[in-house]
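Novice: Provided herewith is a single structure, encoded as structure tokens, for subsequent inquiry.
The values are calculated or read from the model by the stated rules, or taken from the named source; none is laboratory data. The shown structure was predicted, so the numbers you read here are calculated from the model rather than taken from an experiment. Here the Cβ positions follow ideal geometry from the backbone for every residue, glycine too, while neighbour counts run over all protein chains shown. These accessible areas exclude ligands, DNA and RNA; they are computed on the full protein's heavy atoms, side chains included. Shrake-Rupley method; radii C 1.70, N 1.55, O 1.52, S 1.80 Å.
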Amino acid sequence: MEEINKESNINNINEKDDEIKNKRLKYEGFVKKEKKKKQKIDHSIPLKEKPTQEDIDSHSECLFWIVNKKKHRAEFCKYKRAKDSTLCNHHKPIDQIISSPQSTITTSSNNNNNNNNNNNNNNNNNNNNNNNNNNNNNNNNNNNNNNNNNNNNNNNNNNNITDINNKEDDSKPKERKRIHCPLNPTHIIYESKLQKHLKACPNAKVGQKNAHIELSKKEPYYKENINDLNGNEKLTLEPIILSQVSTENLINISIKLDQFFEKFFKNEIQSSLNQTHESFNKIFNSDQQLKHIQQESSIINLLEKNNLYNSENVYLEFGAGSGKLSNHIFMSHEKKSGHILIDRMKFRSLKKVDRLIKNEKGCHHFQRLLIDIRHLNLSNLSILEEKPFIITSKHLCGCATDFTLDSIFNLLINSNEKVNNNFKGIGIATCCHHICNFNTYSNQSFLKDQLNITPLEFQLICSISSWATIDENKCNEDNDEEDDDDELIKKDKKEKEELENQLKIEFNKQDVFSVKRKEELGYKAKRLIDYGRYLFIKEKLNLPNTNFWIYTNQSKENLFLVSNK
């Protein structure tokens, strides 16, 4: 029996210890609380647009009926009713919300104070008369003194009365008016708290995020649609969804792609795989992403091979994002170079990377231009007349590459000899060819004269270019954009991904091509789009020393266009 009692005591002690440990772990946050299971929404039940009489009778709170279509739910407001109303103060109309200033209390108190003041004045007058009668028996000197004292007393009494009246005015409750928020009329606020509300209003935050777009219109380098390839033929075209394309059209366009690729790419494209710049080992840290730093280093290596690498240059990075490529170039020059970063979006890490460049003594020029490339007038940048400059970019998405080439073309035509002499060359890594379209393509004459294809066929080629990044297990294999960006960039990415998924997923119901064949056709479509840009640089920009390079094997968006004088 004693042994059984000992064992039961030991078990009880162990259970208590376990309870104490679990409590401690929960307190320290090591034990995760069980998540509540979300209730499944039954969309088969129709939503009540209006409450029934039974619902109204059974509900004792605010009778404002709320219909939430997203959550498929309709219910009354849960706040308490206001006095003499069936609605709460939030849903009550402004005309019915009248604050009670308690006028009756203040008026009665004012009357009492006035009576007291009158009595005090009468008493003072009686006292003054008695004093004057008594003082008549005294000497003239004493009379003068008494008169002065009486005057002082009267003045003091008057001052006391005015102070009391001022205190009474301050104690009166002020009327508080309710108004609609100027940014969102559904927000009902006190007029006195308008400025405080505007700082925290979610509609104001949205306006702040887009404020730089409006501010850019006031800059001297802004010109509406200057780089919109205005000489192009403009048609009303939409992106082609591959699942809606017939088998015959897919086979026909695949034959054309094979023919074009054999014609224009007889020799293999030059590659500089795993050839990083000598500064790579000095700059690379374990905290940095190896994938991006290697790509940037190989770009710098190609710039150096083509005589576009010099600390006296000003590097114009188009589609700069947070500016990692410019920062890498700046570090490789031992913090002695100039940089202009161009992007239409605001990034959270702007201050971090920009400060690493502009606050250094060796940085001879720095600018951040928050503007769409479509509206950028490079001829109004005075620094381009003073110092040699180079156009660079890492992963310039879709038609942004065409806008950039058009901006260089407009600069060289409209500028003087100094700017033309200072322009040294281009180094651009292209990507996201599926976003391209016929209206904004930089070399429409190439499509008509050499390829002899229609605008719809070009739109189909752009859609097929999305096949280059297909994998057997997952569609979105590579995403070379950086992760430290703003909420507006994430929305832009989602739109791109949705468009890309429409083009990649749900192919023609017939299995026309295998996965490898689709990847091959997508790659050829990308190269064909880039070849037209290659000819534009050689012919329109007069840069005969233009070449293709494959600069990385860590991404399928791996083509680099480089040219110099």
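Novice: Criterion first (at pLDDT below 90, more than 25 Å from Q294 (Cα to Cα) and touching a His at 6+ places or on another chain (Cβ under 9 Å)) does E500 satisfy it?
Specialist: yes
Novice: While we're looking at this one, here's another question. Which ones in segment 241-267 are of a type in the set (G, A, S) and out of contact with any Phe, Trp or Tyr (no Cβ under 9 Å at 6 or more places or on another chain)?
Specialist: Listed by number, the list holds a single entry, S246.
Novice: In the list S298, S271, which residue meets the criterion of being in contact with a strand residue (DSSP E or B) (Cβ under 9 Å, 6 or more places away or on another chain) and open to solvent by 60 Å² or more (accessible area, probe 1.4 Å)?
Specialist: Result: S271 is the single residue among S298, S271 that is in contact with a strand residue (DSSP E or B) (Cβ under 9 Å, 6 or more places away or on another chain) and open to solvent by 60 Å² or more (accessible area, probe 1.4 Å).
Novice: Just checking: which of the strands (runs of 3 or more DSSP E) contained wholly in segment 365-432 hold 1 or more residues that are free of Cβ contacts under 8 Å to residues at least 60 places away in the same chain and within 28 Å of the chain's Cα centre (by Cα)?
Specialist: Counting at least 1 such residues, we get 365-370.
Novice: Given the criteria over 21 Å from G398 (Cα atoms) and either modelled with pLDDT of 60 or more or part of a loop (DSSP other than H, G, I, E, B) (or both), does L521 qualify?
Specialist: no
Novice: Checking K291 against (1) within 25 Å of L456 (Cβ to Cβ); (2) in a helix (DSSP H, G or I); (3) touching a residue at least 12 places away in the same chain (Cβ under 8 Å), only one condition comes out false. Which one?
Specialist: Condition (1) is where K291 drops out.
Novice: Any chance you could count how many residues in segment 538-558 are within 14 Å of I428 (Cβ to Cβ) and surrounded by 22 or more Cβ atoms within 10 Å (Cβ to Cβ)?
Specialist: Going through segment 538-558 one residue at a time, the tally reaches 3.
Residue-wise test of (1) open to solvent by 60 Å² or more (accessible area, probe 1.4 Å); (2) over 30 Å from H187 (Cα atoms); (3) modelled with pLDDT under 50.
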| residue | (1), (2), (3) |
| --- | --- |
| P51 | no, no, no |
| R81 | yes, no, no |
| I97 | no, no, no |
| S108 | no, yes, yes |
| N115 | yes, yes, yes |
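Novice: Looking at segment 404-419, which of its residues are more than 14 Å from K540 (Cα to Cα) and open to solvent by less than 60 Å² (accessible area, probe 1.4 Å)?
Specialist: S415, V419
Novice: If you go through segment 321-348, how many residues are of a type outside the set (S, T, N, Q), open to solvent by 10 Å² or more (accessible area, probe 1.4 Å) and without any contact (Cβ under 8 Å) to a residue 60 or more places away in the chain?
Specialist: Selection size over segment 321-348: 6.
Novice: Being under 23 Å from N547 (Cα atoms) and either modelled with pLDDT under 90 or of a type outside the set (D, E) (or both) is the filter here, so list the residues in segment 449-479 that pass it.
Specialist: Residues satisfying the conditions are Q450, L451, I461, C462, S465, A468.
Novice: Among the residues of segment 308-317, is any farther than 27 Å from Y534 by Cβ and surrounded by fewer than 17 Cβ atoms within 10 Å (Cβ to Cβ)?
Specialist: Scanning segment 308-317 turns up at least one residue that is farther than 27 Å from Y534 by Cβ and surrounded by fewer than 17 Cβ atoms within 10 Å (Cβ to Cβ).
Novice: Inside segment 377-402, can you point out the residues that are open to solvent by less than 10 Å² (accessible area, probe 1.4 Å) and farther than 16 Å from Y315 by Cα?
Specialist: Within segment 377-402, G398, T401, D402 meet the criteria.
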